[in-house]
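Novice: Supplied in structure tokens, the structure appears directly below.
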Amino acid sequence: MSRPRLIRPVTSPFDASLRVPGSKSITNRALLVAGLAEGTSTLTGVLDADDTRAMAAAIESFGATVDADWDAGVATIVGIGSAAIAGPLTLQANQSGTTGRFLLAIAATGTGAITVDGDEQLRGRPIGDLADALVSLGARVETPSATQSLPAVVHADGLSGGEVSLPGNISSQFASALLMAAPRMAEGLSIRLTGELVSTPYLDMTVAVMRAFGAEVQEVSGQGFVVAPGTYVACDYAIEPDASTASYFLAAAAITGSTIRLEGLSSASLQGDMEFAEVLAQMGSTIRHHGDSIELTGPSRLIGVDADMRDFSDTVPTLAAVAAFASTPTTIRGVGFIRHKESDRIAGTVAELQRLGIDATETDDGMVIVPGPLQPTVVQTYDDHRMAMAFSVLGLRNPGTRIADPDCVAKTFPKFYRALDELHPDLAPLVVVIDGPAGAGKSTVAKAIAERLGLLVLDTGAMYRAVAHSAIARDIDLGDWDAVGDLTKDLRIELDGSRVLIDGADATQVIRTAEVSKAVSIVAANPRVRDVLKNQQRSWMAAQDGGVAEGRDMGTVVFPRATLKIFMTAAIEERAKRRAAESLDFDYDAAVADLRRRDEVDSTRAVDPLAEAHDAVVIDSTNQSVEEIVDLVVSLLGDLVRP
Ligand code: DC
């Protein structure tokens, strides 16, 4: 599993245009139907993701040929036409729910024993109602006892079709599966959907793709569909960008007061998830449709909504992330069935909002979200791409949001994080710098802030100390700038969190003696030493992709474009007392005298003297606890990312 990924907050509103990758749902329907069609089809806008590659591999397994340029989103497919799909054969769906369900129905129209399988997560998802429907049509479907899940072995000898009924309130994927298999049945199929129907836009999408490939489908209003027997006919088909994926970028603009234009998505979209934009409009966003694109501008203040999301349920985690920043509560209803998606998206979304400090509660068919202050945390993602993407969006406005197992987005959008980063006008990583005199509390506060934000600390004083210690150990004259400069170049100083290593040896303790403290000011005034260490400090920050750096010239010289600059001070008596805790050989009066001397040397030296950056926030730590200061810093960062 990949390391948690820190999301960079947006520090000023962006204005961006983007074409998100093709719709997963349409890609998988078009791939399947093209694979069953007579002739050669060319699909454009094909989504490159784990789920669509699973479908492409599966149609190849049953005899279609696929020539795909995944980067360009183009696939040329020669379908099997009226040829039979003959077992013994195994069709592998991996993690893809649509692939598993659609292929099960298609397998039932074949001959012989055809196994449909998936990975462990997909094996845990239900297929019972679909299997029952296929059995009622004359197929024999073996599933592991009791669970009615994959792997399933279908024994069939073609299906004659006729009539079938299916509960409409479980998963529209079952009905879509029967619809797409229906033309291959000798008499076609009349599908009756009983009970309340979920996700009808997905059925409309299925019918639209089938019709594009020549199928005859009639809708019987409120009841179901009648599909005529026949063979799909190959065609050239352009797949729309994915509306569920679009939701993350619309949400990103909505919560940061930014503007986003999404190309290729219009009000004529086949995808129900476009409804999500309307909910963001109710929350205060402004939406404009321009022919072939949609544009959204976020408001300065979001208001909560009461939304029945049954027809666009894939965007529930996205709306939850937006709701966290609204000024009033949000209720999400009508989506009890999303407990059976890649993860239980009701329980998971609520748990992660709570982890972030939000008052969220589950209901039977949704959740209630009461917005409030958020805190930095590592968000769990349950191997669910939509959880990872939705909470990444939340991280754009909550500094210190980290996403566990970030690579799970590959299921539908492997380049998601790159697209998210491209929204920022300024690609600078999150850099917090803390300067100030010795004993002002920099290192304690730096560690606490780093902990809260999921960053590492760069203690630059330790680097100067390491040079001073090494010079003393080698009897080098501290006043010989060239000699000490040469030494600095040759030293390998490593800061691995709590320890300091010099050329691989642990020097954490030895650089803290009074002797080193006395010598370090001389070393730190050496321009050659500063030059070498400054470069090392910048490389460290670039390699870590952000961090908390503490020292004397972090804000003024080394990181002049830091996200947030803090200058810490404290009364000298307090600073001397704090030194007691760090020093191995402590004497109060000597400590005060030493601090006065070092303040003088550090702030009057010719190169990079200790000074406040003009844009630094000054914090006096004399009478403040570490927690109070960390809270202040986190809220300062929060102010930077508010619209
Ligand atoms: O933070 P500290 O006391 O460990 O720092 C040791 C010395 O290093 C301090 O006297 C000043 C110097 N220093 C510096 O000149 N520039 C920095 N960025 C950090 C420390």
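Novice: Somewhere in the stretch 155-163, is a residue among the aliphatic types (A, V, I, L, M), surrounded by 24 or more Cβ atoms within 10 Å (Cβ to Cβ) and in contact (Cβ under 8 Å) with a residue 12 or more places away in the chain?
Specialist: Checking the stretch 155-163: not a single residue is among the aliphatic types (A, V, I, L, M), surrounded by 24 or more Cβ atoms within 10 Å (Cβ to Cβ) and in contact (Cβ under 8 Å) with a residue 12 or more places away in the chain.
Residue-by-condition table, conditions (1) of a type outside the set (A, V, I, L, M, F, W, C); (2) modelled with pLDDT of 95 or more; (3) touching a strand residue (DSSP E or B) at 6+ places or on another chain (Cβ under 9 Å); (4) surrounded by fewer than 18 Cβ atoms within 10 Å (Cβ to Cβ):
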| residue | (1), (2), (3), (4) |
| --- | --- |
| Gly79 | yes, yes, yes, no |
| Ile85 | no, yes, yes, no |
| Leu104 | no, yes, yes, no |
| Ser165 | yes, no, yes, yes |
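Novice: Would you please name the residue that is nearest to Ile449 (Cα to Cα), looking only at residues in the stretch 516-559 that are in a strand (DSSP E or B), of a type outside the set (Asp, Glu) and within 12 Å of the ligand (Cβ to nearest atom)?
Specialist: Filtering first and then ranking leaves Ala549.
Novice: Report whether or not Val10 is surrounded by 23 or more Cβ atoms within 10 Å (Cβ to Cβ) and within 19 Å of the chain's Cα centre (by Cα).
Specialist: yes
Novice: Can you name the residue in the stretch 625-643 that is assigned to a loop (DSSP other than H, G, I, E, B) and touching a helix residue (DSSP H, G or I) at 6+ places or on another chain (Cβ under 8 Å) and is also modelled with the lowest pLDDT among such residues?
Specialist: Step by step, filter the stretch 625-643, then rank; the result is Pro643.
Novice: Any residue that is of a type outside the set (Ser, Thr, Tyr), touching a residue at least 40 places away in the same chain (Cβ under 8 Å) and away from the ligand (no atom under 16 Å from the Cβ) - is there at least one of those in the stretch 461-478?
Specialist: No: zero hits.
Novice: Something else now. For Cys235, which of the numbered conditions (1) at pLDDT 95 or above; (2) at positive phi fails to hold?
Specialist: All conditions pass for Cys235, except number (2).
Novice: Which of the residues that make up the stretch 452-490 are farther than 18 Å from Asp608 by Cα and in contact with a Pro (Cβ under 9 Å, 6 or more places away or on another chain)?
Specialist: If the condition is that a residue be farther than 18 Å from Asp608 by Cα and in contact with a Pro (Cβ under 9 Å, 6 or more places away or on another chain), then Arg452, Leu453, Gly454 are the ones that fit.
Novice: Separate question: Kindly provide the set of residues from the stretch 594-618 that are within 16 Å of the ligand (Cβ to nearest atom) and of a type in the set (A, V, I, L, M), ordered by number. Can you show your working first?
Specialist: Taking the stretch 594-618 as the starting set, the residues that turn out to be within 16 Å of the ligand (Cβ to nearest atom) are 594-613, 616.
Answer for the stretch 594-618, where residues must be within 16 Å of the ligand (Cβ to nearest atom) and of a type in the set (A, V, I, L, M): Leu595, Val601, Ala606, Val607, Leu610, Ala611, Ala613, Ala616.
Novice: While we're on this one: Part of a helix (DSSP H, G or I), within 13 Å of the ligand (Cβ to nearest atom), of a type outside the set (Gly, Ala, Ser) and buried (at least 16 other Cβ atoms within 10 Å of the Cβ) - does that describe any residue in the stretch 565-573?
Specialist: no
Novice: A follow-up question, please. Quick one: how many residues across the stretch 425-462 are crowded, with 19+ Cβ neighbours inside 10 Å, in a loop (DSSP other than H, G, I, E, B) and either of a type outside the set (A, V, I, L, M, F, W, C) or modelled with pLDDT of 95 or more (or both)?
Specialist: Residues meeting the conditions: 5.
Novice: Of all residues in the stretch 23-51, count the ones that are of a type outside the set (A, V, I, L, M, F, W, C), crowded, with 24+ Cβ neighbours inside 10 Å and modelled with pLDDT of 95 or more.
Specialist: Summing the residues that are of a type outside the set (A, V, I, L, M, F, W, C), crowded, with 24+ Cβ neighbours inside 10 Å and modelled with pLDDT of 95 or more in the stretch 23-51 gives 5.
Novice: If you take the residues of the stretch 285-308 that are over 15 Å from Ala324 (Cα atoms) and small (Gly, Ala, Ser), which of them is surrounded by the most Cβ atoms within 10 Å (Cβ to Cβ)?
Specialist: Let us first name the residues in the stretch 285-308 that are over 15 Å from Ala324 (Cα atoms), namely 285-297, 308.
With small (Gly, Ala, Ser) added as a condition, the list becomes 285, 291, 293.
Numbers: Ser285: 23, Gly291: 8, Ser293: 17.
That would be Ser285.
Novice: Within the stretch 117-171, can you find the residues that are in a strand (DSSP E or B) and out of contact with any helix residue (DSSP H, G or I) (no Cβ under 8 Å at 6 or more places or on another chain)?
Specialist: First, the residues of the stretch 117-171 that are in a strand (DSSP E or B): 117, 140-142, 152-157, 162-167.
Arg140, Glu142, Val153, His155, Asp157, Gly162, Glu163 - these are the residues of the stretch 117-171 that are in a strand (DSSP E or B) and out of contact with any helix residue (DSSP H, G or I) (no Cβ under 8 Å at 6 or more places or on another chain).
Novice: Please specify each residue of the stretch 369-394 satisfying the condition of being over 18 Å from Pro329 (Cα atoms) and either among the basic types (Lys, Arg) or part of a strand (DSSP E or B) (or both).
Specialist: Within the stretch 369-394, Thr377, Val378, Val379, Arg386 meet the criteria.
Novice: Can you tell me which residue among Arg301, Arg261, Arg288 is touching a Gly at 6+ places or on another chain (Cβ under 7 Å) and over 23 Å from Phe213 (Cβ atoms)?
Specialist: Working: Arg261 fails: touching a Gly at 6+ places or on another chain (Cβ under 7 Å); Arg288 fails: touching a Gly at 6+ places or on another chain (Cβ under 7 Å).
Within the list Arg301, Arg261, Arg288, the selection yields Arg301.
Novice: Related question: List pairs: first in the stretch 348-366 and β-branched (Val, Ile, Thr), second modelled with pLDDT of 95 or more and assigned to a helix (DSSP H, G or I), Cβ under 6 Å, 6+ apart or cross-chain?
Specialist: Hits for this filter: Thr349/Pro317; Thr349/Ala320.
The values are calculated or read from the model by the stated rules, or taken from the named source; none is laboratory data. From a predicted model like this one, the values you see are computed outputs, not experimental measurements. Cβ: placed from backbone, ideal geometry, glycine included. Neighbour counts: every protein chain shown.
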